[in-house]
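Novice: Structure provided below as structure tokens; questions to follow.
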Amino acid sequence: MLDAFRKKGPTHQERAIETLARGMEMLQGRMFKQAMIQFQAAMELDKPVIVEKISQSFQEAYGKRDFEAGLALGLILIRDRENDFELANAIGNCARRQKNYKQANNLYQHALKINRGYKKAFYNLAASMGKVEKYDDEVRFAIERFANMADYILPDYHFDPKLIDKIEARLTSDHRSKVAQQIQNFKIELARAEGQDDYMETRRIRMDLEKLALTAKEPIQPAQVKEALVKRIGEAEQAPEPSLKQIGGERMNLVIYSLINKDGAAALAQIKHLNQIGIKPEFMEMCAGIALDLTGQPEKAVDLFNRLLADEPNNRFLNANLGILYRRQGNVLLSTKYLAIAAALLERSDGLYRLSDLIEIADQSFEQGNKEKAQMLYQLVCEEVDKVEPLMKLGEIYLAKDMLEEATGVFNKIKEKDPDNKLVAERLKEIHDSYFEKAESFFRDNKYKAAAGVFERALSVMRLPETIRKTASVYQVMRKPLRYEALMAEFEELKAIEQALLEEKERQSNILLGKAYLKKKHWSKAIEHFENAFRMKLDKDVFVYLATIYKQLRKNEEMRDLLNRWNRMVEHEDKKRRFGEG
């Protein structure tokens with residue numbers, strides 16, 4: 001009877017829900033590992049109830065794009081639903097959204113082990129392997145542009161994208177003109193034969209005319225075009241002043257045409273010749289990879305493409321063609337990976353394969369004053385290549401739009417590559433001065449905290465002595481002695497360095513003037529400038545100049561004085577060095 005009055009403890013379900021609640025609180029506090037421990041403990045207490053609640057929470061997190069929370073919940077959930085391939089795929093997406101590609105790959109592979117035909121997981125795995133930020137059906141839609149593409153994607157012909165069209169048009173015109181002349185000649189012969197009532201000759205001529213008429217309609221053959229391309233190569237090589245660029249371009253045109261006609265051996269022969277003469281036109285090595293595959297050497301082709309991609313991971317041609325190469329080999333996963341990379345890159349560049357074309361459009365937009373478009377394009381270019389020119393244009397756009405932090409970052413990046421770039425130094429000074437003026441305005445309005453913040457920004461661009469002194473004075477007003485003293489110490493140090501540089505400049509000027517006067521044998525002026533330089537710094541060369549003059553002019557007293565000063569200066573320098581070492 002007493003048991004009935006005793007207070008009952010919490011049930012397993014109640015304890016499980018309490019534990020789950022603690023886990024959810026930790027999840028909201030972004031304490032994911034601790035939350036997962038609580039979720040696991042809750043499942044051990046009452047699995048059916050907790051699994052259902054975690055499943056609902058996962059769906060909510062995934063729907064709200066809280067992928068970090070989704071991953072923590074999903075990894076607990078998958079332990080109970082090991083055969084749920086759709087869940088594994090969704091958790092993989094959560095992992096990939098956080099750049100955890102290895103974990104994402106494992107989850108997609110787990111989904112495919114359960115259901116080999118689950119296309120979403122397959123496409124997600126390929127995209128994850130290529131670090132492409134597309135998910136589920138987005139991947140399939142992205143690579144649809146390559147769906148019916150059986151042949152490799154080749155660059156335009158050098159010098160003229162419509163080169164082959166023009167060659168074929170000229171050959172067609174020449175052929176038809178020749179046939180027209182032959183027809184005219186046959187017609188004259190026909191009239192003569194008919195006038196002589198020569199039946200057999202008339203019949204023969206008529207048959208020849210019919211054949212000629214058919215010949216006029218025959219298309220130009222690849223062999224004829226190749227002959228025309230070879231002729232262009234010969235003309236380039238035999239020019240009075242041969243151009244390597246012209247020769248390389250003409251040979252590459254033959255390479256591209258050979259590849260279009262599936263003649264890998266001819267392409268390789270031209271590439272070999274280009275290598276022998278030391279010319280490497282753009283896309284030559286990629287074309288070599290395609291030619292290797294066409295000549296039955298796919299493994300070598302893959303190796304070459306991978307080496308090229310290691311240097312140019314964002315090259316659209318290389319990614320697309322490696323995808324096509326893997327497709328030709330039957331490797332669907334790797335084909336999808338590289339085609340997805342190519343598709344994502346092409347989407348960013350508005351379908352343009354060559355980055356040079358993108359730069360050209362960006363330059364045009366910049367010159368036309370379309371800053372928004374130019375900025376977007378230069379940002380894309382600068383993410384893919386590390387060149388000064390597009391970086392400089394991007395920095396100029398940021399500066400014009402008063403995006404000073406972004407401009408500073410770009411100009412500093414250029415400065416790392418080209419420390420002596422004068423234009424960059426000017427732009428950084430402009431940014432510094434802009435911050436400085438804003439800070440002074442705040443200071444005049446007694447907005448000291450704002451002034452200090454903007455002065456600090458100016459210092460992050462350039463640490464000029466006057467700016468350091470001004471910033472220190474603001475902190476002094478704000479009664480922040482530590483920052484004030486640190487800045488003033490830096491100011492004094494910079495001023496000392498500045499003074500030393502000025503003195504050294506003056507010393508070098510005296511040495512140069514001394515040498516000039518010495519050459520003209522203006523002894524007193526030479527002595528004056530060399531003495532000025534010698535008094536400023538211990539210098540053996542200057543000492544020798546003075547000693548030589550004094551000896552030549554027999555100035556014995558001055559010579560003794562010079563030696564005494566030399567000895568005293570050497571002794572002083574020795575003491576300074578020993579003191580410094582101590």
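Readers should treat all values here as calculations from the given coordinates under stated rules, not as data from a laboratory. Just so it is clear, the structure is predicted and the values come from calculations on it, not from any experiment. All Cβ positions, glycine included, derive from the backbone under ideal geometry; neighbour counts span all protein chains shown.
Novice: Just to confirm the filter: which trypsin sites (Lys or Arg not before Pro) across region 105-183 are DSSP coil and have at most 15 other Cβ within 10 angstrom of their Cβ?
Specialist: Sparse-neighbourhood loop trypsin sites (Lys or Arg not before Pro): R116, K131, K162.
Novice: Also, quick follow-up: What FRET efficiency do you get for D156 and K280 if R0 is 22 Å and r is their Cβ-Cβ distance, rounded to the nearest 0.05? Could the numbers behind the result be given before it?
Specialist: Values: r = 18 Å, r/R0 = 0.80.
The formula returns an efficiency of 0.80 here.
Novice: For D420 paired with D174, estimate the spin-label separation in nm (one decimal), with each label point 7 Å from Cα along the Cα-to-Cβ line.
Specialist: If labels sit at D420 and D174, their model points lie 5.3 nm apart.
Novice: Right, next: Sort T202, T548, T172, T467 by Cβ crowding within 10 Å, fewest neighbours at the top.
Specialist: Sorted ascending by nearby Cβ count, the order is T548, T172, T202, T467.
Novice: Please give the charge dipole size of the chain, origin at the Cα centre, charges +1 on K and R Cβ atoms and -1 on D and E Cβ atoms. Round to the nearest 20 debye.
Specialist: Result for the chain is approximately 1640 debye, rounded to the nearest 20.
Novice: Over region 163-344, what is the relative contact order in whole percent, taking alpha-carbon pairs under 8 Å and six or more residues apart? Intermediate results must be reported in sequence, preceding the final value.
Specialist: Numbers: 158 pairs, mean separation 21.1, N = 182.
In percent, rounded to a whole number, it is 12.
Novice: Could you bin all the Cα-Cα distances of region 508-581 into 10 Å bins starting at 0 and give me the percent of pairs in each, rounded to whole numbers?
Specialist: 20, 48, 23, 8, 1
Novice: By a straight-distance test (C-alpha under 18 Å), which lysines pair with K438 as possible cross-link partners, with residues fewer than eight away in the same chain excluded?
Specialist: K401, K429, K447, K449, K470
Novice: Using the charge dipole of the chain (Lys, Arg: +1 at Cβ; Asp, Glu: -1 at Cβ; taken about the Cα centre), state which of F442, Q221, N321 has its Cα farthest towards the positive end.
Specialist: F442
Novice: Considering all projection directions equally, how large on average is the shadow of the alpha-carbon convex hull of the chain, in square nanometres?
Specialist: With every direction weighted equally, the projected area is 59.3 nm².
Novice: May I pose another question? Among the lysines, which have Cα under 20 Å from the Cα of K119 when same-chain residues fewer than 8 positions away are ignored?
Specialist: List returned: K102, K131, K134, K337.
Novice: In nm, what is the difference between 0.36 nm times the number of residues separating D386 and D363 and their Cα-Cα distance?
Specialist: So the extension gain works out to 6.6 nm.
Novice: Give me the number: length gained by fully extending N564 to R463, i.e. 0.36 nm times residue separation minus the C-alpha to C-alpha distance, one decimal in nm.
Specialist: Once the chain is fully extended between N564 and R463, it gains 32.1 nm.
Novice: Could you give the distance between the Cα centres of region 459-477 and region 308-327, to the whole Å?
Specialist: 51
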